[in-house]
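Written below as C-alpha cells is the structure these notes are about.
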Amino acid sequence: MAAGKGAGKPSLLQNERVRFIVCFLGVFVCYFYYGILQETITRGQYGEGEKKEKFVYATTLVFIQCIINAVFAKILIQFFEGSRPDHTKSWLYGVCSLSYLGAMVSSNSALQYVNYPTQVLGKSCKPIPVMILGVFVLRKKYPLAKYLCVLLIVSGVALFLYKPNKSVASTESAFGFGEILLLLSLTMDGLTGVAQDHMRSLFQTSANHMMLNINMWSTLVLGLGVLWTGEVWDFLSFTDRHPSIFWNILLFGITSALGQTFIFMTVVYFGPLTCSIVTTTRKFFTILGSVLLFGNVLNTMQWVGTILVFLGLGFDAKFGKTPKKTTH
C-alpha cells in the first residue's frame with residue numbers, strides 16, 4: 001500500500017508541473033500577441049494628412065473583448081463540461097467583474113498618457129496588491145522571502161517610472177495621470193484576486209464558469225456604460241471612417257479569449273497570486289517586443305529597473321513558496 005502511494009506521487013507532481021507549463025506558455029503566447037495588438041490599436045494613427053486621429057474608445061474596446069470572452073467560455077463549457085452545476089454566488093461574480101473591469105479600463109486608458117513599456121512595468125506590480133489584500137482580507141500568511149521579493153519588484157518599478165528630466169517633456173510629469181490610472185488598475189487587480197480566491201476555496205468554481213460569468217457581468221455593465229455615455233456611437237462612426245481597424249479588434253478579442261482561458265485555469269489550479277506572477281513574468285518579453293517593433297527606447301535607469309523587477313520575480317519563484325493552506 002505504501003509503495004503504491006509513493007509511486008503515485010511523482011506522477012501527480014509531474015502532471016501538476018505539465019499543467020503549469022501549459023498554462024504559462026498559453027498565457028505567454030496569447031498575451032504577447034495581445035500586447036502588440038493593444039498598442040497597435042490604441043497608439044496608432046488613423047487617416048491621412050491633417051485628418052489623422054487616434055483611437056480613444058477604451059471602454060468600447062473592453063466591451064467587445066468581454067463579449068468575445070463570454071462567447072468563447074460558453075463554447076468551452078458546452079463542449080467540455082456539459083451540465084456540470086456551478087454553485088458560485090452570482091453577487092460574487094458581480095463584485096469580481098466590477099474590479100476586473102476597473103483594472104482593464106484604467107489600464108487601457110493609461111496607454112493614452114504613457115507608452116506600452118511603462119504600462120507593462122506598472123502592471124508588473126500586480127502581485128503586490130494581490131498579496132496585501134490577501135493578508136488583510138483573507139488572513140493569508142506568506143514567507144519572509146516573498147515580502148523581500150516584492151520589495152525588489154517595487155524598487156525596480158519605481159526606477160522605471162522615475163523621469164528625471166521633467167522640463168524636457170511639456171506634457172509629462174514625474175508622476176502623471178497615466179501613472180495614477182496604473183495605480184487604480186493595480187488596486188482593482190488586488191480586489192479581483194481576493195474575490196477569485198474566495199470563489200476557488202469556497203465553491204471550487206471551474207475556470208470556464210469563472211470566465212463566462214465574470215465576462216457576462218462585465219458585458220452588462222459596460223453595455224450600459226457605453227450606451228449611457230454615447231461612446232459606442234462615436235466608436236461606430238470611427239470604424240466607419242477607418243474600417244481596417246476591425247481586423248485588429250477581432251484578433252485582439254480572440255487572443256484575449258484564448259489568454260483568459262489559460263489565466264482562469266492558472267487561478268483555479270494554482271491560485272491568484274501564482275497567476276499574477278505568471279502574467280507578470282511574460283511581460284518582460286512583451287516589453288522587448290514593444291521596444292523592437294515600436295521603437296519605445298528605454299534609458300539606462302529603466303533597464304536597471306526592468307532587471308530588478310524580474311530578478312525579484314525569479315527569486316520569488318525559487319524562494320517565495322507559500323505553504324499550502326489547511327482546509328477546515
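Which of the residues spanning segment 40-59 are in contact with a Gly (Cβ under 9 Å, 6 or more places away or on another chain) and surrounded by 16 or more Cβ atoms within 10 Å (Cβ to Cβ)? Matches in segment 40-59: Phe55, Thr59. The condition of being surrounded by 16 or more Cβ atoms within 10 Å (Cβ to Cβ) and outside any helix (DSSP H, G or I) holds for only one of Thr192, Thr205, that being Thr205. Of all residues in segment 68-77, one or more are closer than 22 Å to Val194 by Cβ and either part of a helix (DSSP H, G or I) or open to solvent by less than 30 Å² (accessible area, probe 1.4 Å) (or both). Cβ separations smaller than 8 Å between residues 6+ apart or across chains give the following pairs from segment 39-53 residues that are free of Cβ contacts under 8 Å to residues at least 12 places away in the same chain and more than 14 Å from Trp247 (Cα to Cα) to residues that are outside any helix (DSSP H, G or I) and acidic (Asp, Glu): Gln45/Glu53.
Remark: pairs (first residue in segment 241-257, within 13 Å of Ile36 (Cα to Cα) and in a helix (DSSP H, G or I); second residue open to solvent by 30 Å² or more (accessible area, probe 1.4 Å) and not hydrophobic (A, V, I, L, M, F, W, C); Cβ separation under 7 Å; 6+ apart in sequence or on different chains) = Asn248/Thr40; Thr255/Tyr33.
For (1) at positive phi; (2) exposed (fewer than 14 other Cβ atoms within 10 Å of the Cβ); (3) not hydroxyl-bearing (Ser, Thr, Tyr), each residue gets a yes or a no:
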residue	(1), (2), (3)
Asn215	no, no, yes
Thr219	no, no, no
Leu222	no, no, yes
Gly225	no, no, yes
Thr229	no, yes, no
Ile249	no, no, yes
Ile263	no, no, yes
Tyr269	no, no, no
Pro272	no, no, yes
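The values are calculated or read from the model by the stated rules, or taken from the named source; none is laboratory data. Here the structure is a predicted model, which is why all the values come from computation and not from measurement. In this analysis, Cβ positions are derived from the backbone assuming ideal geometry, glycine residues included, and neighbour counts consider all displayed protein chains. Heavy atoms of the whole protein, side chains included, go into the accessibility calculation; ligands, DNA and RNA do not. Shrake-Rupley method; radii C 1.70, N 1.55, O 1.52, S 1.80 Å.
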